[in-house]
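Only one structure is covered here, and it is reproduced in the block below.
The values are calculated or read from the model by the stated rules, or taken from the named source; none is laboratory data. Everything quoted here is computed from the prediction, not taken from an experiment. Cβ placement follows ideal geometry from the backbone for every residue including glycine, while neighbour counts extend to all protein chains displayed. Heavy atoms of the whole protein, side chains included, go into the accessibility calculation; ligands, DNA and RNA do not. Shrake-Rupley method; radii C 1.70, N 1.55, O 1.52, S 1.80 Å.
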Amino acid sequence: MRDYVVFSDVSKYYQMGQMVIKAIDHINFSIAKGEFCIIVGPSGAGKTTVLNMLGGMDTCTEGTISVDGTVISGFSSKELTTYRRYDVVFQFYNLVQNLTALENVELASQICRDPLDAATAVREVGLEDRMDNFPSQLSGGEQQRISIARALAKNPKLLLCDEPTGALDYVTGKSILKLLQDTCRQKGVTVVVITHNSALTPMADHVIHIKNGTVAHEEYNNNPTPVESIEW
Ligand code: ADP
Ligand code: MG
């Protein structure tokens, strides 16, 4: 299904005193179900704004956003809360510091309809030996893995990641991208990754280049490159 996520003529304007900032300016694109999609563009292009609107964290000024056949751009704040709770996950929000890795994952699975077992999710990210550790006892990359496990435990329709390798060293960043690529392939979750790093684009099925709040061009890779073979 080509039209799992559809942005149709979507704009987001910010009023700054007398000035109107067009963060997103009549953008159009669609993302297929199960796709690994990378949204790439320079700083200030509008990437985070797109992701926040898709994740129900922000609303658009004009246009229509639909996900899995439902128009989310007209949602009330109550409907948006339900949407955020059950349908989408952001890879990054902070782990709760005084809960163990496993408890952090359980916390997420408690508020969704069809959760994956928390311990299974932790195992899937390769941290079964660290389940009882607190976040402060884990490296940055391990904490990222736990936040991905927490995302997986919710069995989401959409997994959204804003600059997932931003704060990580090269090798750890690569392993996180591999985990995201594997998750997409093995579980059929639609994954949308934002990056300013165009070297990552060969790993995606679909690449949306954005510039000045609009789509500059799009690419489709019939044979996406495994992350292991990408250098940057
Ligand atoms: P990116 O993630 O690609 O770096 P953003 O989506 O964060 O870009 O921002 C796109 C544009 O919108 C930028 O010019 C930014 O300054 C502006 N912008 C983003 N959020 C706000 C806001 N809350 N108020 C005013 N301008 C904003
Ligand atoms: Mg950003």
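Key figures
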{"read-out": "Which numbered condition Ser43 misses (of (1) open to solvent by less than 50 Å² (accessible area, probe 1.4 Å); (2) of a type outside the set (A, V, I, L, M, F, W, C); (3) out of contact with any strand residue (DSSP E or B) (no Cβ under 6 Å at 6 or more places or on another chain))", "value": "(1)"}
{"read-out": "Any hit, the stretch 3-25, residues being small (Gly, Ala, Ser) and within 16 Å of ligand 2 (Cβ to nearest atom)", "value": "yes"}
{"read-out": "The stretch 49-108 - residue that is within 16 Å of ligand 1 (Cβ to nearest atom) and in a helix (DSSP H, G or I) and, of those, nearest to the chain's Cα centre (by Cα)", "value": "Leu51"}
{"read-out": "Members of the stretch 178-232 found to be of a type in the set (S, T, N, Q), in contact with a Phe, Trp or Tyr (Cβ under 8 Å, 6 or more places away or on another chain) and farther than 19 Å from Ile31 by Cα, listed by number", "value": "Asn197"}
{"read-out": "Checking Gly34 against (1) at pLDDT 95 or above; (2) within 16 Å of ligand 1 (Cβ to nearest atom); (3) touching a Cys at 6+ places or on another chain (Cβ under 8 Å); (4) outside any strand (DSSP E or B), the condition it does not meet", "value": "(2)"}
{"read-out": "Every residue from the stretch 135-162 that is touching a strand residue (DSSP E or B) at 6+ places or on another chain (Cβ under 6 Å) and open to solvent by 10 Å² or more (accessible area, probe 1.4 Å)", "value": "Lys154, Pro156, Asp162"}
{"read-out": "Yes/no for Val50 being within 13 Å of ligand 2 (Cβ to nearest atom), open to solvent by less than 10 Å² (accessible area, probe 1.4 Å) and touching a residue at least 40 places away in the same chain (Cβ under 8 Å)", "value": "yes"}
